[in-house]
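Every read-out reported here was derived from the displayed coordinates using simple, explicitly stated rules and does not represent laboratory data. In this text the structure is predicted, and so the values were computed from the model without any measurement. All Cβ positions, glycine included, derive from the backbone under ideal geometry; neighbour counts span all protein chains shown.
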Amino acid sequence: MASEGNSGPVAGAWHPPGSSRAVAAALVAEHGQAVVTSDADGALLASGSLDRLVISSRVGSIPRRITFADGSLFETADNDAVDRWLEVRHGRRVSFIHKLERLHPRLVLFVGLAILLAAGIYRYALPALVEVAVAVTPPIAPEVMSRGVLASLDQTVLAPSRIEEELQQRITEQFRSLAALTQRGADGYSLHFREGGVMGPNAFALPDGTIIVTDALTDLAPGDDMVLGVLAHEIGHVVHEHTLRRLYRAAGVSALIMLIGGDIGSGLEDVLTHGSALITLSYSREQEREADRYSIELMARAGRDPAAIADFFEILHDKLGDTDNSDFLSTHPATPERIEEARRYAAEIAAKRAASPEVNAH
Ligand SMILES: [Zn+2]
């Protein structure tokens with residue numbers, strides 16, 4: 001059977017060792033042995049174990065050269081037959097590596113570089129593309145995206161809030177006075193109360209400054225300052241454009257290229273399709289740290305407790321532990337280091353403010 005490396009005679013030319021003289025010959029491979037006989041008189045010209053033959057690489061339709069141990073050489077244009085012997089030599093199936101081995105070294109290098117490039121795109125180009133996309137995003141886009149995401153969330157996971165009107169109004173007023181201290185001002189943000197269902201105690205920001213807080217979070221926080229500390233943290237995500245970056249990262253390379261390339265329509269559509277899933281995506285640790293610091297600074301400037309966000313994380317951690325993975329902790333992991341870092345920074349800011357109350361001018 002051909003699949004076992006036995007094959008009928010393969011026609012070619014045999015060259016004696018060190019000679020360019022060509023003898024019309026045939027090679028038969030049987031039971032791992034290769035035998036070359038002369039076409040003219042059937043004389044044995046060369047033989048050897050298939051394992052020990054040196055077989056040239058396949059390059060297009062160039063004839064293959066099979067070198068025997070005695071230095072004689074058999075040349076044939078029947079590349080497929082030679083490949084079948086090689087398969088037998090390397091086992092039933094030619095593995096990817098063996099295919100690579102048979103390639104020209106330059107091709108191997110090229111394949112290696114291509115793999116590196118693909119890895120590089122994810123490591124370096126994706127973040128770069130995200131930055132470019134943020135820079136070229138028309139001001140209207142975050143608004144369109146956010147409206148789309150909130151609408152789809154309202155149709156799926158979110159339900160109208162059951163927090164009493166009075167409390168909603170009080171928190172909203174305090175939220176607006178916090179937001180008034182930011183560059184966008186109070187009108188740059190809008191706060192929405194929602195029953196979050198499976199989302200548990202949660203708060204999240206959309207790129208246009210829309211901030212959604214779930215009833216479970218409002219219930220959990222024992223004082224207004226803690227809710228505000230969380231909201232200030234979300235404002236931090238908006239200010240640093242983390243939300244837009246997160247959206248773009250999730251959209252992926254192809255959507256970003258479309259977006260940057262000016263095909264805003266389909267790029268946006270792609271982003272929106274991913275919209276509802278986005279809220280379950282995590283921010284990077286660095287983004288969380290940035291938002292924590294923003295909350296601490298903003299709360300201090302508003303004359304509120306700068307450590308409120310750290311207090312809130314502690315309560316959340318105590319009440320929920322690490323078991324629930326649909327809550328605020330899953331998208332904003334509150335490690336002990338993070339809580340400690342927030343406390344340390346809050347103390348630093350508080351001390352600065354005590355030393356020079358004008359610090360809040362910037
Ligand atoms: Zn966060």
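Kindly state, to the nearest 0.05, the FRET efficiency for Ala22 paired with Ala114, given R0 = 41 Å and r defined as their beta-carbon distance.
0.55
Residue by residue, the stretch 126-141 carries 3J(HN,Hα) couplings of 4, x, 5, 4, 4, 5, 4, 4, 4, 5, 9, 5, x, x, 6, 4 Hz when phi is fed to the Karplus relation 6.51 cos²θ - 1.76 cosθ + 1.60 (θ = phi - 60°); x denotes Gly or Pro.
Placing a pseudo-label 7 Å from each Cα along the Cα-to-Cβ vector at His31 and Ala43 gives an inter-label distance of 2.6 nm.
Extension gain, Ala354 to Asp154: 0.36 nm times the residue separation minus the Cα-Cα distance gives 67.6 nm. Using θ = phi - 60° in the Karplus curve 6.51 cos²θ - 1.76 cosθ + 1.60, the 3J(HN,Hα) couplings for the stretch 230-241 round to 5, 5, 5, 4, 5, 4, x, 4, 5, 4, 7, 6 Hz; x is entered for Gly and Pro.
Annotation for Ser61 and His192: the two label points, set 7 Å from Cα along the Cα-Cβ direction, are 6.5 nm apart. With the simple spin-label model, which puts each label point 7 Å out from Cα in the Cβ direction, the Arg52 to Ile140 separation comes to 7.9 nm. Applying 1/(1 + (r/R0)^6) with r as the Cβ-Cβ distance of Arg162 and His317 and R0 = 35 angstrom yields a FRET efficiency of 0.90. Here's how it looks for Ser161: its modeled amide H is under 5 Å from those of Glu195, which are all 5 or more places away or on a different chain.
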